[in-house]
1. If you build the convex hull over the alpha carbons only and average its shadow over all orientations, what do you get for region 279-423? Give it in nm² to one decimal.
2. Give, in nm to one decimal, the length gained when the segment between TYR215 and ARG102 is fully stretched (0.36 nm per residue of separation minus the Cα-Cα distance).
3. ³J(HN,Hα) across region 161-166 via Karplus (A = 6.51, B = -1.76, C = 1.60, θ = phi - 60°), whole Hz, x for Gly/Pro?
4. Expressed in whole Å with the largest first, what are the equivalent ellipsoid semi-axes of region 171-263 derived from the C-alpha gyration tensor as the square root of 5 times each eigenvalue?
5. Compute the whole-percent fraction of alpha carbon pairs in region 4-77 spaced more than 17 Å apart.
6. Only sites in a loop by DSSP and with at most 16 other Cβ atoms within 10 Å count here; which GluC sites (Glu not before Pro) in region 2-57 make the cut?
7. Whole angstrom only: what separates the Cα centroid of region 194-259 from the Cα centroid of region 32-108?
8. Given a 1.4 angstrom probe, what's the average accessible area per residue across region 354-404, in square angstrom?
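The values are calculated or read from the model by the stated rules, or taken from the named source; none is laboratory data. These numbers come from a predicted model, not from an experiment. Cβ placement follows ideal geometry from the backbone for every residue including glycine, while neighbour counts extend to all protein chains displayed. To get the accessible areas, we keep the full protein, side chains included, count just its heavy atoms, and leave off ligands, DNA and RNA. Shrake-Rupley method; radii C 1.70, N 1.55, O 1.52, S 1.80 Å.
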Amino acid sequence: MKKQKLLKQYFGYDSFREGQEYLIDSILEGKDVLGIMPTGAGKSLCYQIPALMMEGITLVISPLISLMKDQVEGLNQAGIHAAYLNSSLTPGQYRKALLYAREGRYPIIYVAPERLTTEEFLDFALHTQIAMVAVDEAHCVSQWGQDFRPSYLKITEFIDRLPARPVVAAFTATATKEVKEDIIDILMLQEPALITTGFDRKNLYFGVMSPKDRYGAVKNYLDCHPGESGIVYCLTRKMVEEVCEKLGQDGFAVTKYHAGLADAERKRNQEDFIYDKKPVMVATNAFGMGIDKSNVRFVLHYGMPKNLESYYQEAGRGGRDGQPAECILLYSGQDVITNQFFIENNQDNQELDALTRQIVMERDRERLRMMTFYCFTNECLRDYILRYFGEYGSNYCGNCSNCLSQFETVEVTEMAKALVGCVKECHQRYGVNVIIETVHGADTAKIRGYRMNNNSFYGSMKKVPIYKMRQIMNHLLMQNYLVLTNDEYAIVKLTEKSEIILGGQESIMMKMAKEQEHPAKVKSGKKSADGKRSAKSSALAGREFSEAEEILFEKLRTLRMEIAREEKVPPYIVFSDKSLTHMCIVKPKNRAEMLTISGVGEYKYEKYGERFLTCIREG
Ligand code: ADP
Ligand code: MG
């Protein structure tokens, strides 16, 4: 069967997302692949779909039991036979699963890396055709990252022992160069087809606030978002206890998670959250890895995390279904001190020698500084994050608290003219930095060496700060008034549109951060914590829900909960928020119409389609 058809039939989606098709095709051609895509991008489908098309079984290596369970439940709900092999099974269950696998009942099984080199598993693997080994969360092989797992090193040992080498497909959301190289080297990927999709998560709204009454702000937020699922991250266990208790007293259905709780309680609380019995989770950063809950609509940080890597990862647990979600950081000056204390007293570093410890600490302090600047910057928050991860975007996203409150439209015609004029006069020979430094009037050997001090625009924009000139340059490049050549030394060239600026035919307007009056100014998260969002699901619909649709949405949600209870799976595994929203808008009347809903595949339709149709009809 064709991949497109499988996508529709089993997963209920109409089109592939960025990168998915390329990776699927490469796997089907028998190539190794490495997919670096942000959380929520849809990495799982990249190996699940080829697994259904290839001869033989696909083994998926995954680091956490909860992740495997979630994925296997999802596949089973979609009508695909899958199983997991890990320490949560009794010996009897384990043997039974292996037996079924031998009989070829599963196209996909999930395996914990520790299992791979055990005798029992090898005995199975050596006598079964293995089409692919898919390594999920592949950054776990790298000692550079925070999630290094020694057991991941067993993967290559395992592959080496197989009679025929299967396709090896690796996936991660971690994009640093070291980690990427480690994955390729350690997993011994053979000329892998490689894809890195952008890190931007457009559906996430970013906000920073520094409210006097932090608890009040959280309470207010929850009041304005009834029934929505979300996470409140706190810096310490003590804070988790306090915030969770208060919210409970104030009547919210909350639960908690931190490393100080007994295993059984942690597990119970996590399930309460995943199954939407308690839609709000208050937790330390111990909570999250392995949480694939797709309908998390907000992630509030009750305090500033230690670095942007952690922040983006935690915030990124919102909106995995691709629908709008809000990530709001509630900052207080005390947070810096708390984090500094964590850095000075980091127990993980005790085994390091003194010099290395010093270096690690310095690096952590620098990361903390960058995190702190995030709380104070007036610039676009998304742009700040993306730049931190080495990506360049527009300096205005329109979907963060700064863009919505701290930006103004300004005229930059004169500055634009200087930049374009400078490019023209030097015969389009230099890169961005030289051009900007020239108009700014930098007195350096480099500029003199290029004789740019003789350029008639030299120093003409002396009064405008460099960072602003850079923003204007970015704007001109994005709007195609100028272009960069595509080689190692990117050179700025003119375009057909350049004349518009040189001829002064149009005034050039762009969004720019307002000048900051006080560096530590208090911000308000504009559309979020203080302003009510009219109806909770309206943002999901991309337009306002009517009152009737709002009521229907609630009915569908109740039905989903009912089915989730019967099936003993989390509600979002039955249908995502996105699917329910889509149903409210389309109001399908029959099978064919229902199958056009995003996330409704044939198998799921057979299982619950009728019940949802009835509910909509009665709606
Ligand atoms: P990742 O592992 O990259 O973090 P997942 O594989 O868990 O992401 O996918 C995140 C969500 O996106 C899931 O709910 C999945 O069903 C959905 N998804 C994946 N591919 C598509 C697609 N082509 N169209 C719509 N939704 C998709
Ligand atoms: Mg994943």
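1. 12.5
2. 35.2 nm
3. The phi angles translate into 7, 6, x, 10, 6, x Hz.
4. 39, 18, 12
5. The calculated P(r) of region 4-77 puts 47 percent of pairs beyond 17 Å.
6. GLU18, GLU29, GLU55
7. Cα centres, region 194-259 to region 32-108: 32 Å.
8. 46
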